[in-house]
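Novice: Encoded as structure tokens, here's the structure I'll be asking about.
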Number of protein chains: 2
Amino acid sequence: MSLNISAPIGVLAPLLVRAKGIADPRAANPLLGCVLLNADHDGVLTVSATGGSLALTQRVALGTAGNGGGVSDTGSAAVDAARLALVVGGLSGDTVALRLTGKTGKGIVEVKAGGSRYSLSAAEADDYPPIGGEIPAVARAVADVSTTIRGGDLARMLRETLFSVCTDENRYGLNGLLIEAAPAGDDGMPRLRIVSTDGSRLSWSEGPASEAVTLDGRKSLISRAFAAKLESLISGPDQEWTLTIGQRWISARCGDVELGGVLVEGEFPDYRMIMPAAPKRIATVNGPVLAGALKRASLMASDRNSSVRIAFAEGGLTVSAQDVKAGSVVEELAGELQGSPLSTGFNASYLLNVLSSTRAESVRLELGEPLEPVIVRVDGRTDAVFVVMPMRLD
Amino acid sequence: MSLNISAPIGVLAPLLVRAKGIADPRAANPLLGCVLLNADHDGVLTVSATGGSLALTQRVALGTAGNGGGVSDTGSAAVDAARLALVVGGLSGDTVALRLTGKTGKGIVEVKAGGSRYSLSAAEADDYPPIGGEIPAVARAVADVSTTIRGGDLARMLRETLFSVCTDENRYGLNGLLIEAAPAGDDGMPRLRIVSTDGSRLSWSEGPASEAVTLDGRKSLISRAFAAKLESLISGPDQEWTLTIGQRWISARCGDVELGGVLVEGEFPDYRMIMPAAPKRIATVNGPVLAGALKRASLMASDRNSSVRIAFAEGGLTVSAQDVKAGSVVEELAGELQGSPLSTGFNASYLLNVLSSTRAESVRLELGEPLEPVIVRVDGRTDAVFVVMPMRLD
């Protein structure tokens, strides 16, 4: 048994690029920088990679050579993931042949296509760390829970929450995205919710789950890396993604692609506590117009936080910023205000993140007193809520 | 007199972006980080910038306010080039108004468009270093020489020589591109030649000059920065660019845009000495196929020089590379050889630079002995010659 396959370059190359994105060439264990190829008796090639806390498994049916397919000999090989992705991605022609020579599991992987013939050093495949093996085994000691969700909804929920995950690894409980069951919608459909916060802002986004959600009140924290990678793997709005959550592990599977990740430990804050009560003021403003004004005002903001002042009045909004040396800017824009005028400071990028991730045509800002949390909602949507803390400007 | 103009944003914004590319915000003199705006009585706005050794002057006719044009009041203002380019580039609407307030030449430049109102700190315009002023005055003490050349030819000649300019500022005479008159072509048309070398390779590219060249045997060295900026300013093959060369200064002018640059001092080597005599071997190979093989082989080259071995034989070429740890690659490709077989080392990127800058469909390599210079020509073209030194591979 020694891996010997041929595969369409157009099929194999994207699998290798994704595996390269998971492998960790800087890990202490050099095998984590490798992609693992395994061809089985059913003619299925499995392309896997793990970077420690993430694991990706991709399967593709090549068929057995006996039936005219691509798997001539079964076996495994581990090769530097980045190099193999570059090598296969750069080949010309339609088909690439890969063959392991030398003793089983180690030696040389020959890559041939057209006039190209590579000999790549292989690592000991038997030593390759288990892909979604060890940790899920522990996790599966307790009942897994799962749900299924459309690709379009899942991608939107991830996009609307990823930007506000805490990036400080030491902020216990904040450096993950909460994933939990939300109350069923008006249509009776089960719903899933993702929430993130970095202490200065919070994002909450929901979507319908297309099958019964059995999360049993479980609150799980997925890592930023898992969420970002999952978002990048979603390739169509109508894909069906199944999320299976164990005690320490989550897997997201769609067809022949499965991404696994270690759950983040810690207690997510009780985010409902943060949500302000009935607002004293409600401002409504066009999303792209506000985004344009915030971007232009940020050009004159003197600090890294893009501090701007927003004055809400009956006739509209005024966004302003100043830099002692460079000068100042005032942006006037239309808007509606219910309640008395208010002026407060904002980190412009916090609001811009909300506007760009939601692509909102119209947003509603629910305001309290100057330094109280502000709720941003997308007009016409009840499935996304954003909380932004104002800034004190001196 | 205090600058007061309005201009179409779509006209002004690209001029400011180009000026930003010339200004030097890190210069000791903070004015070199500014763009200079000047509106005159004829309704012409001049947008200038200088980074010390380069100077850009762009003119646009806005018309005088009395005749319905954009210049309401004449005057000058100097503003941070990067910031003004960002500010004007980010505005919405069609027209922007700029007005200098405060005392002449210094104060605040107000920028207004739609609901946006910026107040930008201005520098003392009177202190702005002369744009193409001082140095050309010296240069014009001797007779200037000039020539005119089509944009398409000039862009090609710059592209085919820029990559091999020496980047070591201490290599006296090599860190510039030689520009000189070439012998008239078979059609009797005067020609211009640009040559560059970094000691390991040499590029030589010619083009027809559309008017009489009066370079009088002058050999001038233009800086890499001037050549690169000039290439980026050329926006169409049929533009007419006039090059005027003084003793220490060169200017390239096309319509309302003029780029000036300080000439590089030093003696360019007698490059004809480097050119080998009649070749012992001539190999002909498809350009894109060779480029593909070199790129794929470079993936396994172990050093920063992308060292590859090329074996030339009657039946074709073999490109190979190896890395002690990663493995090896052999690329076989078709090609023709006149003369006996030869195998020698190359820096793959040197050959790739030639292939990509010439976009050659077919190239001819004129070979001597293994470590003798190799001449690369584009099949069917006599106006470009490239010399590449082979490498000793151990």
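Novice: Being of a type outside the set (S, T, N, Q) and in contact with a Pro (Cβ under 9 Å, 6 or more places away or on another chain): is that true of A:G292 here?
Specialist: The answer is no for A:G292.
Novice: Limited to region A:73-97, what total is found for residues that are over 32 Å from the mean Cα position of the chain (by Cα) and crowded, with 18+ Cβ neighbours inside 10 Å?
Specialist: Within region A:73-97, residues that are over 32 Å from the mean Cα position of the chain (by Cα) and crowded, with 18+ Cβ neighbours inside 10 Å number 2.
Novice: Would you kindly identify the strands (runs of 3 or more DSSP E) lying entirely within region A:72-132 that contain at least 2 residues that are in contact with a strand residue (DSSP E or B) (Cβ under 8 Å, 6 or more places away or on another chain) and farther than 18 Å from A:A19 by Cβ?
Specialist: Per the criteria, A:95-101, A:107-113, A:116-123.
Novice: Something else: Taking the condition in contact with an Asp or Glu (Cβ under 7 Å, 6 or more places away or on another chain) and either closer than 27 Å to B:S349 by Cβ or outside any loop (DSSP other than H, G, I, E, B) (or both), does B:S232 pass?
Specialist: When the stated conditions are applied, B:S232 does not pass them.
Novice: Follow-up question, since we're still on this one. Restricting the first residue to region B:326-350 and requiring it to be within 19 Å of A:S92 (Cβ to Cβ), which pairs with a second residue that is among the basic types (K, R) and buried (at least 20 other Cβ atoms within 10 Å of the Cβ) meet a Cβ separation below 8 Å and a spacing of at least six or different chains?
Specialist: B:V329/B:R296; B:E331/B:R296
Novice: While we're here: Can you tell which of B:S343, B:S307, B:S320, B:S357 is in contact with a Lys or Arg (Cβ under 7 Å, 6 or more places away or on another chain), away from chain A (no Cβ under 13 Å) and farther than 23 Å from B:W204 by Cβ?
Specialist: Just a single option satisfies the conditions, and that option is B:S343.
Novice: Does A:L259 qualify as being assigned to a strand (DSSP E or B), in contact with a strand residue (DSSP E or B) (Cβ under 7 Å, 6 or more places away or on another chain) and surrounded by 20 or more Cβ atoms within 10 Å (Cβ to Cβ)?
Specialist: The answer is yes for A:L259.
Novice: Report, by residue number, each residue of region B:365-394 that is among the small types (G, A, S) and touching a residue at least 40 places away in the same chain (Cβ under 8 Å).
Specialist: The answer is B:G368, B:A384.
Novice: Say we look at region B:98-121 and pick out the residues that are within 12 Å of another protein chain (Cβ to nearest Cβ) and in contact (Cβ under 8 Å) with a residue 60 or more places away in the chain; which of these is surrounded by the most Cβ atoms within 10 Å (Cβ to Cβ)?
Specialist: Result: B:V109.
Novice: Can I ask one more? Quick one: is B:S251 outside any strand (DSSP E or B) and either over 15 Å from B:E160 (Cβ atoms) or in the same structural domain as B:V11 (by TED's automatic domain parsing) (or both)?
Specialist: no
Novice: Let me ask you something else. Condition (residue is assigned by TED's automatic domain parsing to the domain that holds A:T242 and part of a loop (DSSP other than H, G, I, E, B)) applied to region A:149-160: is it met by at least one residue?
Specialist: Within region A:149-160 (the criterion being assigned by TED's automatic domain parsing to the domain that holds A:T242 and part of a loop (DSSP other than H, G, I, E, B)), the answer is no, since none of the residues qualifies.
Novice: Sort through B:P208, B:P190, B:P183 and tell me the only one that's surrounded by fewer than 22 Cβ atoms within 10 Å (Cβ to Cβ) and without any contact (Cβ under 8 Å) to a residue 40 or more places away in the chain.
Specialist: Result of the check over B:P208, B:P190, B:P183: B:P183.
The values are calculated or read from the model by the stated rules, or taken from the named source; none is laboratory data. Nothing here was measured: the structure is a model prediction, and the numbers come from that model. All Cβ positions, even for glycine, are placed from backbone atoms using ideal geometry, and neighbour counts span all protein chains on display.
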